[in-house]
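One structure is given below, encoded as structure tokens.
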Amino acid sequence: MRAILRQANLTHVNAGAIYPGDVVVLTEADLKGANLAQAYLRKAEIREANLEQAFLCNADVRDADFHGSNMRNVIARHALLIGANLSNTDLTEADFRDSHLNDINLKGANLQRVELSTMNPGGFTVMNLANLEGADLSNANMRNMLAENADFRFANLSNADLTNAVLGGSTLRRANVSNTDFSGVELGSVAMEYANFSQAKNADIPRYKKHLR
């Protein structure tokens, strides 16, 4: 049965799980505009749900499954999304500033105009080991983002801002980097075969990689 929890106040709710048999299932739930600040939803199943404009600041949703959900305009600052599955989700204009997204699965997700930067001087959003294969990150703000060993294969990074992002060990093979701003990005250890960096902005490509396109 489909739960309807629109604009519900679920702050501090404890619905997480340690063991698989204890997992909370909110698949196809309508959580549009719900307040989930500081909620504990670890390992929860929230697949194909409506979380548009939901508030997830400081929430713990590690290893949660949001596959195929509508998460447009979600506000999830300072959230823990380590190991979460957000593949094929719509995250248009979502705000993940200063959150921890290590090992997150964003394969095929719509991340147009997403906020992955920081609100504080010296701060950053962390998404090491993230899977962003085929994701749409066009016009995304990724300034100062820490994304080492991340997978950006076939991703659309057109018009994105990666100023001072850390991408060590990541792969950008066949990514669309048209008008992508790479100011201050070290590209020495980044795999960039078949990505057309001639259309990128401020990309300091090492001499030994000049032949790669």
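At-a-glance table
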quantity	calculated
Net charge over other residues, Cβ less than 13 angstrom from the Cβ of Cys57 (K, R count +1; D, E count -1)	-2
Directionally averaged projected area (convex hull, Cα atoms, the range 76-116), nm²	2.4
Probe 1.4 Å, protein heavy atoms only - accessible area per residue of the range 85-193 in square angstrom	35
Viscosity 1.567 mPa s, temperature 4 °C, Stokes-Einstein D of the range 86-142 from Kirkwood C-alpha radius, µm²/s	116
Convex hull projection area averaged over all views, the chain, Cα basis, nm²	10.8
Accessible-area value, Tyr208, 1.4 Å probe, nucleic acids and ligands omitted, Å²	150
Mean projection area, nm², convex hull over Cα of the range 110-176	3.8
Simple label model, 7 Å out from Cα along Cβ direction - Ser198 to Glu48, nm	4.5
Cβ-placed point charges (K, R +1; D, E -1), dipole of the chain about Cα centre in debye, nearest 20	460
Mean Cα-pair separation over length for the chain, i.e. relative contact order, pairs under 8 Å, 6 or more apart, %	10
Centre separation in Å (Cα based) which lies between the range 25-88 and the range 122-152	18
Largest-first ellipsoid semi-axes for the range 149-213, taking √(5λ) over the Cα gyration tensor eigenvalues, angstrom	14, 13, 13
Lysines whose Cα lies under 23 Å from that of Lys209, excluding same-chain neighbours fewer than 8 positions away	Lys201
Evaluated over the range 41-102, the Cα radius of gyration and Dmax, each in Å	10.0, 25
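The values are calculated or read from the model by the stated rules, or taken from the named source; none is laboratory data. Quantities reported herein were computed from a predicted structural model and do not represent experimental measurements. Heads up, the Cβs are rebuilt from the backbone with ideal geometry, glycines too, and the neighbour counts pull from every protein chain shown. Each accessible area value is taken on the protein alone, full model and side chains, heavy atoms only, with ligands, DNA and RNA left out. Shrake-Rupley method; radii C 1.70, N 1.55, O 1.52, S 1.80 Å.
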